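Working notes for the structure below.
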Amino acid sequence: MAMFDLFPFLLNWTLLTLRLLGSYPNHVWSPAGGWYSQPANWKTNTAIIGAVIIGVAAMAFNVSADREFRTKFPEQGRFFPSRWWSKQIGEHEKESAAANKS
């Protein structure tokens, strides 16, 4: 309970200190951009990093799908999303379809 009593005191002390020293420094450098930063090219930077993240995720997905190996195959007619990208399941379904036709 003492922590909740201390919070208003610290908040008031911080606000008083900011009033005495000035609300904030006008020129601050930081990797995040400083006080109230809004870089002119933030949209471009966000689009670039978004494209990089999507590209890395796509490459990781591709490697994962290539290395996927199943010992038990899904039941026929059951929804199974990895049917869309798994070569092994596709080959198994073609073989089972050919065996059913014979």
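Miscellaneous remarks
- Contact map, the stretch 64-76: first residue of a type in the set (A, V, I, L, M, F, W, C), second residue not in a loop (DSSP other than H, G, I, E, B), Cβ cut-off under 7 Å, separation 6 or more or different chains; pairs are Phe69/Gln88; Phe73/Ile89; Phe73/His92.
- Ala60 being in a helix (DSSP H, G or I), at pLDDT 85 or above, over 30 Å from Gln88 (Cβ atoms) and among the hydrophobic types (A, V, I, L, M, F, W, C): no
- Residues satisfying the stated conditions in the stretch 82-102, i.e. hydroxyl-bearing (Ser, Thr, Tyr), part of a helix (DSSP H, G or I) and within 14 Å of Phe61 (Cα to Cα): Ser82
The values are calculated or read from the model by the stated rules, or taken from the named source; none is laboratory data. Computed from a predicted model, the values in this text were never measured in an experiment. Note: ideal-geometry Cβ built from the backbone for every residue, glycine included; neighbour counts use all protein chains shown.
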